[in-house]
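Comments concern the structure below.
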Amino acid sequence: MNSDLKKDFRNVHMRSDEVKTGYKRAPNRALLRSLGVTDREMELPFIGIANAYNTIVPGHIHLRQLAEKVREGITAAGGVPFEFGVIGICDGIAMGHEGMRYSLPSRENIADSIELMAQAHRFDGLVCIGTCDKIVPGMLMAAARTDIPSIVLTGGPMLSGFQDGKDLSLIEIFEGVGKVAAGTMSEPALCELERCAMPGCGSCQGLYTANTMACMTEAMGMSLPGCAAIPAVDAAKLRIARETGEAILPLVKKGITPRKIITRKSLRNAIRVDMALGGSTNTVLHLMALAMEADISLTLEDFSSLAGQIPHICYMQPSGPHSMQTLHRAGGIPAVLKRLEKFLDDSPTVSGKKILQVAKAAQIRNDEVIRTLKNPINREGGLKILSGTLAPDGAVVKSAAVPKDMWKHKGPARVFDGEDAAMKAILARKIREGDVVIIRYEGPRGGPGMAEMLSPTSALMGFGYKKVVLLTDGRFSGGTRGPCIGHIAPEAAVGGPIAIVREGDIIEVDLFKRRLDLLLPKKEIDMRKKSWKPPHRTLTGVLARYASTVGQANLGAIQR
């Protein structure tokens with residue numbers, strides 16, 4: 001068997017030969033031998049394993065076990081595995097305080113660190129293991145940037161919590177904060193809820209950003225079929241981890257690199273699945289950034305046009321009742337692909353199968369979870385791109401999570417320079433039904449870091465507001481529901497129209513027409529722009545570097 005493995009890769013160009021072949025590389029080989037690398041292994045492909053395991057992120061605490069199965073698979077298929085660490089931030093733990101400013105910048109750090117390791121050590125292939133919000137996008141960006149054979153293993157969702165006959169997720173806790181502030185829930189009851197909601201490892205249970213990006217990764221063909229929805233604690237996750245390790249070697253042998261899989265067609269397939277699921281608004285940010293890394297032309301118009309074609313067919317948490325575990329039991333992403341088969345562009349996947357082969361082979365096990373095209377939740381996709389005088393370069397809303405009676409709204413602006421000020425006003429019950437709450441200077445540059453606004457949106461829900469809209473140049477957690485519009489571009493910090501809104505100005509939102517407008521005469525808008533001055537904020541370290549190099553949200557908020 002060993003000689004057969006050598007023959008398999010005898011005529012394959014291996015980048016790792018640059019560190020292990022020829023007499024000039026004797027010092028390099030000496031270091032490799034100190035790791036225990038044998039003569040036989042010197043002739044085989046070197047595979048890097050980028051593992052975001054740590055003990056602070058619930059979605060990552062089990063990744064060490066998955067990495068062991070990946071290592072087994074790589075070795076069995078004829079490769080030599082080398083594992084290295086990647087950072088990971090838990091958005092839930094970072095939420096609602098200064099720590100959230102560091103989450104989005106970590107995406108670029110992850111991409112950079114994987115590039116540094118892969119290029120310095122000349123790996124022949126990469127297996128990226130991650131689960132949560134910025135980690136998987138950063139890994140995909142690194143794969144596209146380095147363009148060496150790569151495959152992604154996502155760690156899987158957490159099982160649902162349970163209390164009094166009801167499934168729970170993290171969002172019930174965030175919204176419980178608002179209920180305590182409103183006096184409709186006691187602190188002991190909230191404490192009991194928090195003990196029941198999160199039963200173990202895995203990404204948060206609903207279609208929040210982590211799970212949405214896992215679904216996008218599978219839909220674009222960068223992870224094995226079925227990977228996204230398998231729960232973290234299911235033995236099937238161990239099996240697919242082993243298979244992922246095995247699957248990287250054929251990619252190396254055939255020279256199939258990420259840019260042959262991540263194409264305009266495959267990204268548009270991912271967007272189609274996103275629209276069918278009603279996923280997180282953050283997917284717009286991350287898919288745009290990935291397209292930039294892969295030199296693919298992708299714009300907000302792609303999201304907007306596909307939203308008009310693809311029905312919303314999966315009623316997932318937080319807007320609906322179904323968890324990721326429920327989606328897995330219904331057939332997972334392959335079943336969603338089968339439902340969308342007539343809309344898909346055929347494209348390759350890391351499994352060796354094309355996406356339409358995956359779709360045709362799938363089984364749909366529950367028509368209520370994955371509805372038919374004739375029986376959708378909404379006739380259009382779950383995300384909408386808005387534009388108008390308040391958002392000339394676009395804004396994003398999870399329309400799947402907005403009640404239909406709030407698709408059109410006109411109300412007075414309540415303006416807050418930053419999340420903290422808005423949160424204080426919400427908890428003090430200073431917001432009235434009909435208000436349009438604006439949280440600005442939270443964009444990529446102004447925050448900096450484009451913080452998520454899950455705390456204020458959840459507090460509004462917890463208080464029971466039905467007619468309040470929230471707008472921001474920051475972004476929202478995938479757990480946000482209700483009339484919440486983010487990614488407003490240009491952001492306030494660069495002088496976008498959101499910067500010149502004043503208390504009481506009338507804002508009009510129309511999701512039917514995909515409009516977001518500041519109802520002021522152009523002359524007044526121009527006059528205010530002339531008198532506007534950017535606020536000064538002293539920054540140091542990572543945030544200072546990030547603010548000086550980051551682009552706008554409509555282009556993926558990537559660093560230049």
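Worth a mention:
- Heavy-atom accessible area per residue - region 414-560, 1.4 Å, Å²: 40
- Computed E for Leu35/Glu115 - FRET, C-beta separation, R0 25 angstrom, nearest 0.05: 0.70
- Antiparallel bridges, percent of DSSP beta bridges restricted to region 337-447 (to nearest 5): 50
- Measuring against 22 Å, Cα to Cα, the residue pairs Lys338/Lys404; Lys179/Lys424; Lys254/Lys353; Lys398/Lys513; Lys265/Lys342 contain Lys338/Lys404 as the ones spanning a longer distance.
- Once the 1.4 Å probe is applied to the protein heavy atoms, region 14-89 comes out at 46 Å² accessible per residue.
- Applying 1/(1 + (r/R0)^6) with r as the Cβ-Cβ distance of Met527 and Ile364 and R0 = 45 angstrom yields a FRET efficiency of 0.20.
- Gain in span if fully extended, Ala189 to Gln357, counting 0.36 nm per residue against the direct Cα distance: 55.6 nm
- Separation of alpha-carbon centers, region 82-104 and region 273-352, rounded to whole Å: 24
- Straight-distance crosslink candidates among lysines, where the alpha carbon sits under 19 Å from Lys523 and sequence neighbours closer than 8 are dropped: Lys533
- Rotationally averaged projected area of the chain (alpha carbon convex hull; nm²): 25.8
- Sites Lys467 and Arg64 - FRET efficiency at Förster radius 56 Å, r taken between beta-carbons, to 0.05: 0.70
- Expressed as a whole percent, the accessible area of the chain that falls on carbon and sulfur atoms is 52 (1.4 Å probe).
- Taking 0.692 mPa s as the viscosity and 37 °C as the temperature, the Stokes-Einstein diffusion coefficient of region 452-560 based on its alpha-carbon Kirkwood radius rounds to 206 µm²/s.
- Packing rank of 64-76, 538-550, 419-431, where each peptide gets the mean count of other beta carbons within 10 Å, highest leading: 64-76, 419-431, 538-550
- Between region 169-245 and region 363-434, the Cα center-to-center distance that results, in Å: 21
- Peptides 16-27, 380-391, 471-482, ordered by how many other C-beta atoms sit within 10 Å of their residues on average, highest first, read 471-482, 380-391, 16-27.
- Packing-based order for 368-375, 276-283, 171-178, using average beta carbon neighbours within 10 Å, highest first: 276-283, 171-178, 368-375
- Additional length obtainable on full extension of the chain from Leu519 to Ala236, 0.36 nm per residue less Cα span: 96.5 nm
- Region 265-335 - accessible surface per residue (Å², probe 1.4 Å): 23
- Shown in residue order for region 132-140 are the 3J(HN,Hα) couplings computed by the Karplus curve 6.51 cos²θ - 1.76 cosθ + 1.60 at θ = phi - 60°: 8, 3, 9, 6, 5, x, x, 5, 5 Hz (x for Gly and Pro).
- Dipole in debye (nearest 20) - region 404-560, about Cα centre, beta carbon charges: Lys, Arg +1; Asp, Glu -1: 220
- Projected label distance in nm at His97 and Thr372, using a 7 Å step from Cα toward the beta-carbon: 5.2
- Of all beta bridges that DSSP places with both ends in the chain, some 40 percent have antiparallel geometry.
- Extension gain for Glu301-Phe162 works out to 46.0 nm (0.36 nm per residue, less the C-alpha to C-alpha distance).
- With the simple model of a label 7 Å out from the Cα in the direction of the Cβ, His536 to Cys196 spans 5.3 nm.
The values are calculated or read from the model by the stated rules, or taken from the named source; none is laboratory data. The structure displayed is predicted, hence computed values, not measured ones. Counting neighbours? That spans all protein chains shown, and the Cβs are built from the backbone with ideal geometry, glycine included. All accessible areas refer to the heavy atoms of the entire protein, side chains included, with ligands and DNA or RNA removed. Shrake-Rupley method; radii C 1.70, N 1.55, O 1.52, S 1.80 Å.
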